[in-house]
Amino acid sequence: MTDLSNIRKKAAAVLQKNLYEVTLNGKLYRRTVPTKEFYVHQWNWDSATHAMGLIHIDEDRAYDELLALVSGQWPNGLIAQITFNPKETKYFPGPQFWGTEKFANGEIITSGITQPPLLAISANYVYQNSKKPEKAEKFLKKILPAIVKYHDYLKKYRDPEDSGMLTVVHPWESGLDNSPRFDAPLANIPLETIPDEVKVLVNQFRSDDKIGDAKHRPGMDDYYRYMYLVHLFKSWDWDYTKIIQQSPFAVKDILFNSLWYKANESLAQLLTSAGNFELVEKYANWAIQTQNALKNLWDEKVQIYTDLDVSLGKHEPIRENTIANFTTLWANVPDDKQVKLLLKKLADPKQFWPAYPVPTTALNSPKFELIRYWRGPTWPITNIFVIEGLANYISDTLAEKLYNELIAKTLNMIAQNGFFEYFDPTKGSARPGKDLDASLGFGTFSWTAAISLYLSHKLGTIKTPVNF
Ligand code: DGY
């Protein structure tokens, strides 16, 4: 039996340890870094997740986290993947590699790409779960204009054709950097076309595989391509009209867009809460448009949802059996028949239901890798998307069972292994000498801690209690 109060205490300690206070433009910002072991800046969707845990232990910090996240918003509305803490050098690529200074808000320098749009979802969750109405109203007033501007940026620059589906132009934007879903689109960038100066830079400065375990991290070829894209966009002066047309990597990502659906629904709710009724319909309509576009990505032959490679005029479905499929549940996309198929797939121990579900790639996929980053390991963050998706279909007996079990199993996985970045889905049993040790990636990880708080709060709302 997992001792919830113990996890909560330890989770709070991790979030405290990763608090980073920094004064910029004469103002004190309180940010939570993912882990001081390596990720020493503020990450976009990490911070959105941190706030969803912090709201249950320290409301002021939850507000501060999100307000710090929007503090580096660009004039065009972009809220970047990373907001940098000056003087920190552990992480590569740091601020000097992006060429984004002219878009900075004074001393607040960021990277030039974004991450999955969890911000509005988090802000709405924080607002709804606040117990201090006056402070929550103040927070809402401050954050809302930044979220509106961010959504308008995403729609204008990432969906110029008004398809309902946003385009990501870098695997880092997807959040699932080296997922097998990006193998084919990344192959659009032959290694031999990457300038030597980019390769030299990666060879000289790449640090994740030295500070962390190289076997858990993306391969070198991936890194050359990641940094080539940064180099290219920088040479185009971060002109997003050009980037969207000419980037050799451009994907309509089903996970990113399932979140985009939910983010617009959340923004419509935030606007309603703020009494700003005239904008509600606009974002509610964007949500519906995305939901319809996602419905069209069901591939009956392989019975999964497919991402689309849309680089340089292409329109090619990407057929990989990964966790991204299940995020469509959160966007209420699948019809009754598709829900049954997805639940069956999710509950299958040979695909997605091993000792610690849900692996990020199906166990029986030829692309599955047990310990390498997003190519197989189980991540608490993607589990919460699946959990929230299952909640939409809770009247189905199997969905309810999986929902209850996945909350319990995710908490258990964290309690048994510690606050790691990701976990071996087989509980370590497939690694010689590692039986019962599932920990992977960096430790003392903030979003793992935040998710423990979020899920232990959710456990209190479960109708049918589960043993775990
Ligand atoms: C990394 O450096 O591993 C991150 O995923 C980039 O956002």
Completion exercise
Okay, helices (runs of 4 or more DSSP H) sitting entirely in region 161-264 with 3 or more residues that are of a type in the set (F, W, Y) and either within 16 Å of the ligand (Cβ to nearest atom) or buried (at least 18 other Cβ atoms within 10 Å of the Cβ) (or both), I get 220-235
Practice task
Go over the candidates Y150, Y127 one by one and state the one that is modelled with pLDDT of 95 or more and farther than 30 Å from H231 by Cβ.
Solution key: Y127
Practice task
For residues that are within 15 Å of the ligand (Cβ to nearest atom), closer than 19 Å to S235 by Cα and not in a loop (DSSP other than H, G, I, E, B), tally how many sit in region 66-115.
Solution key: 3
Handout entry: region 342-351 - residue that is buried (at least 20 other Cβ atoms within 10 Å of the Cβ) and in contact with a Phe, Trp or Tyr (Cβ under 8 Å, 6 or more places away or on another chain) and, of those, nearest to K409 (Cα to Cα)
Key = L346
Exercise for the section: For Y393, state whether it is within 21 Å of K350 (Cα to Cα), among the aromatic types (F, W, Y) and in contact (Cβ under 8 Å) with a residue 60 or more places away in the chain. Expected result: no
Problem - I121 farther than 15 Å from D64 by Cα and within 16 Å of the ligand (Cβ to nearest atom) - result: no
Fill in the blank from the handout: The condition of being part of a helix (DSSP H, G or I) and on the phi < 0 side of the Ramachandran plot holds, among K345, K434, only for K345
Handout entry: F419 being crowded, with 22+ Cβ neighbours inside 10 Å and in a loop (DSSP other than H, G, I, E, B)
Key = yes
Handout entry: Every residue from region 356-390 that is within 22 Å of A449 (Cβ to Cβ), away from the ligand (no atom under 16 Å from the Cβ) and either of a type outside the set (D, E, K, R) or assigned to a loop (DSSP other than H, G, I, E, B) (or both)
Key = Y356, P357, V358, P359, T378, N383, I384, F385, V386, I387
Practice task
Would you mind stating whether T290 is in a helix (DSSP H, G or I) and surrounded by 16 or more Cβ atoms within 10 Å (Cβ to Cβ)?
Solution key: yes
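The values are calculated or read from the model by the stated rules, or taken from the named source; none is laboratory data. Predicted, not measured: the structure shown is a model, and the values here were computed from it. Note: ideal-geometry Cβ built from the backbone for every residue, glycine included; neighbour counts use all protein chains shown.
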